[in-house]
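S.K.: Sharing a structure with you now.
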Amino acid sequence: MNAMSLVVGGCVLAGLANIFGILAVSHFFTNELLFSTYPGAFSPEGCFVILLWGCAYIAATAAPQKTPALFAVFTVEKFFYAGTWGFWYAAHGDKVPALTEQSWLTGTFMLAYGANDLLWGLFFAWAFVQVRRAELPA
């Protein structure tokens, strides 16, 4: 499997993870516990934007070599969410056990989404390098 195949497959996987992950954790945009836990990132509107990012990851597979800067944007976006999680967790991490008691899915999401976004950010950084190399003339 070549690097471009991995980039495309990874983008599809990241997109599906965003789309179906946020639909699940937000209970199709009705999870008041999630919305109240971190309204700055996970309001209903914020959850919809996360779904749109997932669509963008999938759309980027149409011609990745023609849009290397898009992969840099995806990298920054994922690192942004990982960073916001770090700040949120530092201030509110002690609330995660109580969240988990109220909703296993919401509590687990709030515990893990930062690490997940960090890993996807690393993937998109790698993808940017691969796509940039493919774009450069030989």
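S.K.: Residue check, Ala91 against (1) surrounded by 15 or more Cβ atoms within 10 Å (Cβ to Cβ); (2) free of Cβ contacts under 8 Å to residues at least 12 places away in the same chain; (3) over 25 Å from Ala125 (Cβ atoms), all met but one. Which one?
M.R.: (1)
S.K.: On to the next question. In the stretch 1-51, what count of residues is obtained for those that are within 14 Å of the chain's Cα centre (by Cα) and farther than 27 Å from His92 by Cα?
M.R.: 6
S.K.: Restricting attention to the stretch 30-60, which residues are in a loop (DSSP other than H, G, I, E, B) and closer than 20 Å to Gly114 by Cα?
M.R.: First, pick out the residues of the stretch 30-60 that are in a loop (DSSP other than H, G, I, E, B): 30-31, 38, 43.
Answer for the stretch 30-60, where residues must be in a loop (DSSP other than H, G, I, E, B) and closer than 20 Å to Gly114 by Cα: Asn31, Tyr38, Ser43.
S.K.: To continue, here is another question. Using beta carbons and a limit of 7 Å, which pairs, at least six apart or on different chains, have the first residue in the stretch 1-13 and without any contact (Cβ under 8 Å) to a residue 60 or more places away in the chain and the second one surrounded by 17 or more Cβ atoms within 10 Å (Cβ to Cβ) and not in a loop (DSSP other than H, G, I, E, B)?
M.R.: Filtered contacts from the stretch 1-13: Val8/Pro64; Val12/Ile58.
S.K.: Would you say Leu118 is in a helix (DSSP H, G or I), of a type outside the set (Ser, Thr, Tyr) and crowded, with 16+ Cβ neighbours inside 10 Å?
M.R.: On the way: in a helix (DSSP H, G or I): yes; of a type outside the set (Ser, Thr, Tyr): yes; crowded, with 16+ Cβ neighbours inside 10 Å: yes.
Yes.
S.K.: Quick check: is even one residue across the stretch 84-97 closer than 18 Å to Gly15 by Cα and aromatic (Phe, Trp, Tyr)? Reasoning before the result, please.
M.R.: To start, the set of residues in the stretch 84-97 that are closer than 18 Å to Gly15 by Cα comprises none.
No - not one qualifying residue is present in the stretch 84-97.
S.K.: Identify, from the list Phe109, Phe79, Phe128, the residue that is farther than 15 Å from Ala17 by Cα, within 13 Å of the chain's Cα centre (by Cα) and assigned to a helix (DSSP H, G or I). Lay out the reasoning, then the answer.
M.R.: Numbers: Phe109 fails: farther than 15 Å from Ala17 by Cα; Phe128 fails: within 13 Å of the chain's Cα centre (by Cα).
Within the list Phe109, Phe79, Phe128, the selection yields Phe79.
S.K.: Run down Thr67, Thr61 and say which single residue is surrounded by 15 or more Cβ atoms within 10 Å (Cβ to Cβ), under 17 Å from Trp120 (Cβ atoms), of a type in the set (S, T, N, Q) and touching a residue at least 24 places away in the same chain (Cβ under 8 Å). First the steps, then the outcome.
M.R.: Working: Thr67 fails: under 17 Å from Trp120 (Cβ atoms).
Residue meeting the stated conditions: Thr61.
S.K.: Looking at the stretch 103-123, I want the residues that are over 14 Å from Phe80 (Cβ atoms) and have a partner that is part of a helix (DSSP H, G or I) and small (Gly, Ala, Ser) with Cβ atoms under 6 Å, at least 6 apart or on another chain. Which pairs are those?
M.R.: Hits for this filter: Phe123/Gly10.
Here, each number is a calculation from the coordinates, and none is a lab measurement. All values reported here derive from a predicted model rather than from experimental measurement. Methodologically, a virtual Cβ is constructed for each residue, glycine included, from the backbone with ideal geometry; neighbour enumeration extends over all protein chains shown.
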